[in-house]
Amino acid sequence: MPAGGARRNSGPAPDPNALRRDRKDDAEWITLPREGFTGEIPRFPLADAAGVETDLWTVLWRKPQGVMWSKLGLEYEVAAYVRAFLESVEAEASAGLKTAVLRMAAEIGLSLPGMHSLRWKFSSDEVAERRESRPASVKDRLKVVE
């Protein structure tokens, strides 16, 4: 029997800040814009779309992941997720359907583990980071100067 680690999704999720990220076989991380997808949202591709499906469809496409879905042509995968998600939140939904929805979310990059496996990350808000790292008082700022 093979040892663990050879299968997909085994081991820890990739970390964009890891020290050993300079290997030639590592795929590049893709930075998604924080403002989300600003292009034209595609038409819901599945037949008999309910109003709640198109509402969720619009909300999901405005997320940053929508940029990659558009580039990769994942309209049907996202539509299948929307329909399955809405079925899975019903009271009589099976545990199998709920598990499938969690896997689908990872496959289209909606969950954090899914984003890591796809090597997608959000752009950082550098202004906010600098504001948070700034010393709070004049006394604290003078401590920095030796």
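Each value in this text was obtained by applying a stated rule to the coordinates, not by laboratory testing. Worth saying up front: this structure is predicted, and the values here are computed from it rather than measured.
A few points about this structure:
- Fully extending the segment from R43 to K71, taken as 0.36 nm per residue of separation minus the present Cα-Cα distance, adds 8.5 nm.
- Region 54-111: proportion of alpha-carbon pairs further apart than 17 angstrom, %: 34
- Fully extended contour minus Cα-Cα distance, from A95 to T58, at 0.36 nm per residue: 10.7 nm
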